[in-house]
Each structure stands twice: as C-alpha cells, then as structure tokens.
Amino acid sequence: MEARLDYFGNGLAGKVLRHFNTAGKVLSESGLPLATQELVKIRASQINGCGFCTDMHTKDAAVAGESPLRLNLIAAWREATVFTDAERAALELAEQGTRIADAAGGVTDEAWTNAAKHYDGDQLVALMSLIALINAYNRINVINQQPAGGYQPGQFG
C-alpha cells in the first residue's frame with residue numbers, strides 16, 4: 001500500500017499537524033495516566049481501522065513498558081481481566097466517543113458516570129479531548145491510506 005499523497009511532506013499538512021501535536025503534548029502532560037492514554041489511542045485506532053496509528057501507539061506503549069498481554073487484549077477489553085476499572089471506563093468512553101454515528105444517543109450517561117467515578121474534571125477533559133484528537137489523526141491516515149508497519153518509536157519526536 002502507498003499513501004495517496006505525502007501528507008507528512010506537505011507544507012499545509014505540516015501546519016495542521018503542528019497544532020494537533022501541540023494539543024497532543026498538552027494532553028500527555030494532563031495528569032491522565034499515560035498508560036490509559038495509549039490504551040484509548042490504540043482502541044480508537046482499532047475501531048477506525050487506522051493501521052498507522054495502531055502500529056504507532058502499540059509500539060510506543062510497549063517501549064513505555066506496557067505488557068504484550070495487555071496490548072494483545074485491548075480489542076477484547078470487556079472480557080479481559082488485565083485492565084483496571086478506571087481503564088475499562090476510559091475504554092468504554094473511547095469506544096462510545098469513537099462510534100458516535102453508530103449510537104442514536106451518542107455517549108451514554110452510564111459510560112460518562114462511570115468515567116467520572118475514576119477521573120477528575122481535568123482528566124475527563126483530557127480524556128474527551130484525547131478521544132477527539134486520535135479520531136482526527138485516524139481519519140487523516142485512513143483517508144490518505146497511510147501505510148502501517150514502519151513506525152519507529154520516537155520517530156516524531
């Protein structure tokens with residue numbers, strides 16, 4: 001597979017990505033646990049069929065110390081016993097926030113209430129924003145058919 005265009009080499013795309021990356025940096029420093037952030041990014045990327053982001057975030061999570069067992073079970077998190085209640089709440093919010101079009105009511109009150117039991121106001125803002133941001137990255141990569149598999153941890157700084 002080849003990308004439809006050289007998005008990473010395009011000047012306008014570079015300007016857009018600088019803003020996305022700045023937002024990502026703010027979120028990475030938000031107090032939302034980094035492991036939770038990677039789990040959310042991976043799950044949304046899996047749902048959206050974004051191989052590039054799935055590749056990137058599983059590799060980044062592994063380098064940060066995430067276990068292969070947990071990485072392999074993200075797609076089946078409901079049945080897996082290796083995630084904390086807080087992580088499960090974040091994954092549920094990520095799934096519902098990613099599949100907005102699939103649910104007439106959007107994110108359920110139950111999913112929100114469960115997340116709010118585990119995360120404070122700033123962490124909830126970070127979680128919502130992270131879900132929105134990874135979905136934006138996913139859409140760019142899927143539309144562009146950005147190939148997956150060649151990402152090296154730390155490649156983007």
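The values are calculated or read from the model by the stated rules, or taken from the named source; none is laboratory data. It should be emphasised that the depicted structure is a prediction, and the values quoted were computed from it without experimental measurement. Cβ placement follows ideal geometry from the backbone for every residue including glycine, while neighbour counts extend to all protein chains displayed. These area figures cover heavy atoms from the full protein model, side chains too; ligands, DNA and RNA do not enter into them. Shrake-Rupley method; radii C 1.70, N 1.55, O 1.52, S 1.80 Å.
For the options R78, R88, R43, a Gaussian network treatment of the chain with springs between C-alpha atoms closer than 10 Å singles out R78 as fluctuating the most.
Positive contributions from Lys and Arg (+1) and negative ones from Asp and Glu (-1), summed over other residues with Cβ under 15 Å from the Cβ of T58, come out at 0. With an a/c value of 1.5 or above and a/b not larger than b/c for the gyration tensor axes a ≥ b ≥ c computed over the alpha-carbon atoms, the stretch 1-50 is described as oblate. Restricting the GluC sites (Glu not before Pro) of the stretch 62-120 to loop positions (DSSP other than H, G, I, E, B) with no more than 11 neighbouring Cβ atoms within 10 Å leaves E79. Paramagnetic label reach from A62 (point 7 Å along Cα→Cβ; backbone nitrogen cut-off under 19 Å): within the stretch 122-157, residues 147-157.
When Lys and Arg each count +1 and Asp and Glu each count -1, what net charge do the other residues less than 15 Å away from N114, Cβ to Cβ, add up to? It would help to have the intermediate numbers written out before the result.
Details: positive: R78, R88, K117; negative: D85, E87, E92, E95, D109, E110, D120.
Here the count lands on -4.
Put +1 on the Cβ of every Lys and Arg and -1 on every Asp and Glu Cβ in the chain; which of N10, C50, W77 then has its Cα farthest towards the positive end of the dipole? Towards the positive end, the residue furthest out is N10. Of the residues K117, K59, K41, the one that moves most in a GNM of the chain with alpha-carbon contacts below 10 Å is K117. Calculate, for K25 and T84, the FRET efficiency according to 1/(1 + (r/R0)^6) with r their C-beta to C-beta distance and R0 25 Å; round to the nearest 0.05. With R0 = 25 Å, the Cβ-Cβ based efficiency is 0.50.
Inverting the pair-averaged 1/r between distinct Cα atoms of the chain gives 16.1 Å as its Kirkwood hydrodynamic radius.
Taking all protein chains into account, the per residue accessible area for the stretch 72-149 stands at 52 Å² (1.4 Å probe). For the stretch 32-97, with all protein chains in place and a probe radius of 1.4 Å, 59% of the accessible heavy-atom surface sits on carbon or sulfur. Counting only heavy atoms of the protein chains and using a 1.4 Å probe, I100 has close to 100 Å² of accessible surface. Highest mobility in the GNM of the chain, judged by mean-square fluctuation with C-alpha springs under 10 Å and restricted to V40, V26, V107, is found for V26. The convex hull defined by the C-alpha atoms of the stretch 4-84 has an orientation-averaged projected area of 6.3 nm². Computed per residue of the chain from DSSP H runs no shorter than four, each worth -39500 (n - 2.57), the mean residue ellipticity at 222 nm is -20500 deg cm²/dmol.
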